[in-house]
Amino acid sequence: MGAQTVYLNGKFMPLEEARVPVLDRGFIFGDGVYEVIPAYAREPFALEGHLERLEASMAGIGLRNPHSRAEWAKLVREVIARNEPDDQAVYLQVTRGVAPRDHAFPVGVPPTVFMMSNALKPVPREQVEAGVAAVSLADNRWLRCNLKTTALLANCLLKQAAVEAGAAECVLFRDGFLTEGSAANIFAVRGQTLLAPPKSNLILPGITYDLVLELARGDAIAVEVRPVAEAEVRAADELWLSSSTKEVLAITTLDGKPVGNGKPGPIFRRMYALFEARKARGRRPAAVGA
Ligand code: PDD
């Protein structure tokens with residue numbers, strides 16, 4: 001091992017050797033879908049959920065799924081096995097393949113399948129303990145945000161605007177209601193109640209979002225899944241973000257103003273502990289303490 005090993009269209013190879021033709025529709029049109037799957041102690045986390053969403057994304061853009069669920073799972077495990085770190089973030093993308101540039105779909109062209117895996121960087125301790133800054137922005141993305149497509153320009157512009165404002169994420173509003181962040185789902189806590197925007201075409205159905213709600217319900221935290229008004233977000237006692245790479249983090253300032261008392265709140269700390277316990281359970285016994 002040593003060099004990063006990636007998968008491209010049926011073969012494993014060193015990252016440096018992987019090449020895609022310039023006429024790939026992923027390059028020309030952003031015509032593809034993707035997943036980011038965390039692996040702890042070399043074991044993919046919530047794999048079924050990610051593969052189910054991948055299938056839904058492909059179906060949602062009329063992209064032929066080149067693999068069965070079992071084949072996808074095998075490929076994910078193989079890319080993890082061929083790379084070094086114990087904790088990894090597997091990136092997987094499928095595009096509509098290589099064809100002369102034409103907006104309409106090509107006929108009989110095989111999809112391009114690419115997978116890589118990078119070290120899953122632990123979330124810095126100080127971010128867990130102090131939370132992160134966020135800024136509010138208008139959600140100006142398209143109306144099919146439930147699909148995990150590689151066409152992420154709007155998300156990139158929103159994330160960059162947050163970074164330039166000195167923040168880690170943005171909190172997006174559409175028509176006066178909370179949607180999500182540029183690369184994460186967003187939750188609010190008012191009093192003792194966790195508020196989550198419902199799944200719809202306006203947000204990505206996050207795998208971590210599902211887990212947060214499952215853990216909350218399992219620990220008797222009151223949960224309301226319903227549209228969350230901008231005013232409720234601005235008056236929230238706690239704000240959180242969730243994603244496969246950031247796990248669950250407290251947002252402690254919004255537009256430079258403290259959220260609640262400006263520190264990660266009690267419900268967040270409870271959720272963080274539940275999340276850590278779930279991760280530990282997911283680690284294979286042989287790898288515990290390794
Ligand atoms: N992004 N919403 C958006 C717009 C996202 O891009 C992501 C994840 C999420 C959280 O989904 P999940 O819990 O399934 O990771 C919500 C990944 C990590 C990325 O693009 O790198």
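The values are calculated or read from the model by the stated rules, or taken from the named source; none is laboratory data. Everything quoted here is computed from the prediction, not taken from an experiment. When we count neighbours, we look across all protein chains shown, and the Cβ atoms used for this are built from the backbone with ideal geometry, even at glycine. For accessibility, only protein heavy atoms count, side chains too; no ligands or nucleic acids. Shrake-Rupley method; radii C 1.70, N 1.55, O 1.52, S 1.80 Å.
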- Query: Using alpha-carbon positions, what is the distance between the centroids of region 269-284 and region 179-230, in Å?
  - Reply: 18 Å
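Please tell me the relative contact order of region 125-281 in percent, rounded to the nearest whole number, where contacts are Cα pairs under 8 Å and at least six residues apart. Present the calculation step by step, with values, prior to reporting the outcome.
On the way: 293 pairs, mean separation 41.7, N = 157.
Normalised by residue count, the contact order of region 125-281 is 27 percent.
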- Message: Can you compute the modelled spin-label distance between Val123 and Ser68, with each label point 7 Å from Cα toward Cβ, in nm?
- Response: 3.7 nm
- Task: Find the lysine pairs in the chain meeting two conditions, Cα atoms under 17 Å apart and a separation of 8 or more places or different chains, and report how many there are.
- Result: 7
- Message: Restricting things to Cα coordinates, could you compute the convex hull volume per residue of the chain in Å³?
- Response: 139 Å³
- Task: Summarise the accessible area of region 5-119 (1.4 Å probe, protein heavy atoms) by the percent that is carbon and sulfur.
- Result: 58 percent
- Query: Which value, in Å² and to the nearest 10, is the accessible area of Glu17 when all protein chains are kept and the probe is 1.4 Å?
  - Reply: 120 Å²
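How do Asp175, Asp86, Asp255 rank by accessible surface area computed with a 1.4 Å probe, from largest to smallest? Walk me through the intermediate numbers first.
Working: Asp175 140, Asp86 80, Asp255 60 Å².
Most to least solvent-accessible, the answer reads Asp175, Asp86, Asp255.
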- Message: Just to be sure I understand: if I project the alpha-carbon convex hull of region 125-281 onto a plane and average over all orientations, what area do I get in nm²?
- Response: 8.5 nm²
- Which whole-number value in Å² is the accessible area per residue of the chain, probe 1.4 Å? 47 Å²
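How high is the relative contact order of the chain? Use alpha-carbon pairs under 8 Å, at least six apart in sequence, and give a whole percent. Present the calculation step by step, with values, prior to reporting the outcome.
Working: 559 pairs, mean separation 52.6, N = 290.
Once normalised by length, the contact order is 18 percent.
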- Which residue, Gly62, Gly32, Gly260, tops the fluctuation ranking in a GNM of the chain built on C-alpha contacts under 10 Å? Gly62
- Message: Between region 26-40 and region 242-260, what is the separation of their alpha carbon centroids in Å?
- Response: 25 Å
- Note on the structure: Quick calc: nm separation of the 7 Å Cα→Cβ label points for Leu152 and Asp210 -> 2.0 nm
- Largest-first principal axis extents of the Cα set of region 1-133 (Å): 51, 36, 28
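For the chain, what does the helix formula give at 222 nm: sum of -39500 (n - 2.57) over DSSP H segments with n ≥ 4, over the residue count, nearest 500 deg cm²/dmol?
Details: 8 runs with 84 residues, N = 290.
That comes out to -8500 deg cm²/dmol.
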- Query: How high is the relative contact order of region 15-157, given as a whole-number percent (alpha carbon pairs under 8 Å, six or more residues apart)?
  - Reply: 33 percent
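If R0 is 41 Å, what FRET efficiency do you get for Lys11 and Ser200 from their C-beta distance, rounded to 0.05? Please list the in-between numbers first.
Numbers: r = 39 Å, r/R0 = 0.95.
E(calc), rounded to 0.05, equals 0.60.
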- Task: Would you look at the GNM of the chain, springs on alpha carbons closer than 10 Å, and say which of Val94, Val163, Val233 moves the most?
- Result: Val163
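Once R0 is set to 41 Å, what does the formula 1/(1 + (r/R0)^6) return for the Cβ-Cβ distance between Ala3 and Ala165, expressed as a FRET efficiency to the nearest 0.05?
Details: r = 37 Å, r/R0 = 0.91.
Calculated value: 0.65.
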- Task: Step through the residues of region 196-201 one at a time and calculate ³J(HN,Hα) from phi using the Karplus curve (6.51 cos²θ - 1.76 cosθ + 1.60, θ = phi - 60°), rounding each to whole Hz and writing x for Gly and Pro.
- Result: 9, x, x, 5, 6, 5
